[in-house]
Amino acid sequence: MNTFFTASRLGPPNVARTLRQHFSHSPRSPAAARNLSQTTARAQHATPWEAARAEAAKKNQTTLYYGLSAGILLLALSYASVPLYKMICQQTGWSGQPVKAHDGAGDPAVRLRPVEDHRRLRITFNGSVSDILPWKFTPQQREVRVLPGETALAFYTAKNKSDADIIGVATYSVTPAQVAPYFSKIQCFCFEEQRLNAGETVDMPVFFFIDPEFAKDPTMKGIDTITLSYTFFKARYDKNGVLTTVPMAMAAA
C-alpha cells in the first residue's frame, strides 16, 4: 500500500517530463516550417544587400576624401596665386609681363651696356585704376627714348581721393607682348601693397632697361615703340590677413 502510494505520487512529474521530451522532438507544423523557410531566405538575401550598402558607403567616403583634398588644394592656390603669378611672369615674360633684371642670371651690370649703333626706342606710359578704387594714377612723363642696354627712370603719381586710408596693388604689362622678355625692371612698385592715407599723394619710380639682346633679335626689327602700362586695384584680405585680390586682368592672362 505504501509502495503504491509512493509510485502514484511520483507518477505525474515523470509523465510531465516525458511529455515535454516528446513535444520537444516532435516535427513542426507546416505553417511553422513555412515561416522558418521564409526567415532563412530573408537572412540569405540580407547578406548581398548589406555588402552593397557597405560598398556604397566606402565609395562615398572615398569621394568625400577627394573632395576635401581638392578644397584644401584650391585654398592653398588662392593664397599663393599672386606670388605665383608674379614669379612666373617675371621669369618668362608671359602675357606681356617684364622680366626682372636681377633674376639670378648673372651680374645685371654686364647687360647694362648701351648698343650705340642701334636706333633709340620710344617708351610710352599708361596708368589706370579699377572702378572701385578712388585713386588718381597717372604717369609723370608721356614717353622716354632709350637705347637697348641703357637704363631709364620714370615716375608715376598716385593720389588717394577718398577720406579713408586705402591699400592698393598694381599689375603691369608691356606691349607689344613679344617685347616683354627684353623689358627688364630693376626697381618698380608693382605687385607690392601700396598704402595711401586719406588725401595723400605719392610718387612711384620705375627703373628699367631694354635688354641688349633686343637688338640681335630679327623679329624686333620693326618695333620702335614700347608701352608700359600699370593698373591699380584695391587690395582685399581674408580673415587671416592674407592678400586675396586677384585682379581680373591677371586672371584672364
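Things worth noting here:
- Selection count where residues are under 30 Å from Val169 (Cα atoms) and either part of a strand (DSSP E or B) or of a type in the set (S, T, N, Q) (or both), scope region 205-230: 12
- Exactly one residue out of Ala158, Ala180, Ala154 is modelled with pLDDT of 95 or more, surrounded by 15 or more Cβ atoms within 10 Å (Cβ to Cβ) and over 31 Å from the mean Cα position of the chain (by Cα), and it is Ala154.
- Check on Ala235, over 32 Å from the mean Cα position of the chain (by Cα) and surrounded by fewer than 20 Cβ atoms within 10 Å (Cβ to Cβ): no
- Annotation note: Cβ proximity below 8 Å between a residue of region 178-202 that is of a type in the set (A, V, I, L, M) and a residue that is surrounded by fewer than 19 Cβ atoms within 10 Å (Cβ to Cβ) and in a loop (DSSP other than H, G, I, E, B) (sequence gap 6+ or interchain) occurs for Val179/Ile223; Ile186/His102; Leu196/Asp165; Ala198/Ser162; Ala198/Asp163; Ala198/Ala164; Ala198/Asp165.
- None of Gly127, Gly149, Gly168 is of a type in the set (Gly, Ala, Ser), surrounded by 14 or more Cβ atoms within 10 Å (Cβ to Cβ) and not in a strand (DSSP E or B) except Gly149.
The values are calculated or read from the model by the stated rules, or taken from the named source; none is laboratory data. On a predicted model such as this, the values are computed, not experimentally measured, just so you know. Backbone-built Cβ (ideal geometry, glycine too); neighbour counts: all protein chains shown.
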